[in-house]
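Just below is one structure, and these are the notes that go with it.
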Amino acid sequence: MAVTNNAVIGVALGYIEANPDETDLLRSLIVLALHGPPVVTRSTTPAHVTCSAVLVSPDWRVLQTRRRPARNWRLPGGHIDPEDQSLLGAALRHLATEADIEANGLIPASVLPVDVTAHPIDAVPALSEPEHVHYEATFLLHVDDRTLPEPSGRGISRRWVNLADVRGKLGDKLRLASNRAEV
């Protein structure tokens, strides 16, 4: 069963309960999910949901990936597929396909995302894609060690970065989680 709008609303409301200062960020998504087409479908505009995984090691280093020929390093993630059973499941699938890390050895911090952001996406006329917004749900996952399996050869590079190198709201939330874990 694919991820439903009701499931997205449940995750959004749980996230708002934990992050009440971010209510305004998710209001439009919740309204769209209540009254619109499936918000997990890539073609849904004016917005749809994407997922990413922030994988941390015991020493709180963060995994990033890079697809060639792109030059930017990022968290594994992307669009939700029809076979995904949950938003967390979509994040785990992206981690498996982009970093060759299977879910069996991972420990999710929660079934709720650690962070949600809204990214404006430019129109792509060649693909008939209008301007839209990605609501990216980022899930925190823990791994026992930083040893990575051999890459599958799909042109994806991986690296571990210091927690201090993760910027913005996500970096702040991860540092807070790291401090809580040390207590």
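The values are calculated or read from the model by the stated rules, or taken from the named source; none is laboratory data. Predicted, not measured: the structure shown is a model, and the values here were computed from it. Every residue, glycine among them, receives a Cβ derived from its backbone with ideal geometry; neighbour counts consider all protein chains shown.
Checking the structure you have, find out if any residue of segment 17-31 is assigned to a strand (DSSP E or B) and either over 15 Å from His134 (Cα atoms) or not acidic (Asp, Glu) (or both). No, because not a single residue in segment 17-31 is assigned to a strand (DSSP E or B) and either over 15 Å from His134 (Cα atoms) or not acidic (Asp, Glu) (or both).
For segment 26-71, the set of residues classified as β-branched (Val, Ile, Thr) and in contact with a Pro (Cβ under 7 Å, 6 or more places away or on another chain) consists of Thr44, Thr45, Thr65, listed by residue number.
Among the residues of this structure, Arg68 does not count as one that is over 16 Å from Lys173 (Cα atoms), exposed (fewer than 15 other Cβ atoms within 10 Å of the Cβ), of a type outside the set (A, V, I, L, M, F, W, C) and under 13 Å from the mean Cα position of the chain (by Cα). Within segment 35-75, the set of residues being touching a residue at least 60 places away in the same chain (Cβ under 8 Å), closer than 19 Å to Thr97 by Cβ and hydrophobic (A, V, I, L, M, F, W, C) comprises Val49, Cys51, Ala53, Val54, Leu55, Val62, Leu63, Trp73, Leu75. In segment 107-119, the residue that is surrounded by the most Cβ atoms within 10 Å (Cβ to Cβ) out of those that are of a type in the set (Gly, Ala, Ser) and within 23 Å of Val56 (Cβ to Cβ) is Ala109.
Listed here are the residues, each with its yes/no results for (1) polar (S, T, N, Q); (2) at pLDDT below 95; (3) in contact with a His (Cβ under 8 Å, 6 or more places away or on another chain).
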site	(1), (2), (3)
Arg42	no, yes, yes
Val49	no, no, yes
Leu55	no, no, yes
Pro58	no, yes, yes
Ala70	no, yes, no
Ala91	no, no, no
Ala96	no, yes, no
Asp100	no, yes, no
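Do we have Ala91 as touching a Gly at 6+ places or on another chain (Cβ under 9 Å) and either more than 18 Å from Thr117 (Cβ to Cβ) or not in a strand (DSSP E or B) (or both) here? Answer is yes for this residue. Residues in segment 120-163 that are farther than 22 Å from Leu106 by Cα, within 19 Å of the chain's Cα centre (by Cα) and either surrounded by 11 or more Cβ atoms within 10 Å (Cβ to Cβ) or polar (S, T, N, Q) (or both): Ile121, His132, Val133, His134, Tyr135. The one condition from (1) surrounded by 16 or more Cβ atoms within 10 Å (Cβ to Cβ); (2) among the hydroxyl-bearing types (Ser, Thr, Tyr); (3) more than 20 Å from Val143 (Cβ to Cβ) that Thr23 does not meet is (1).
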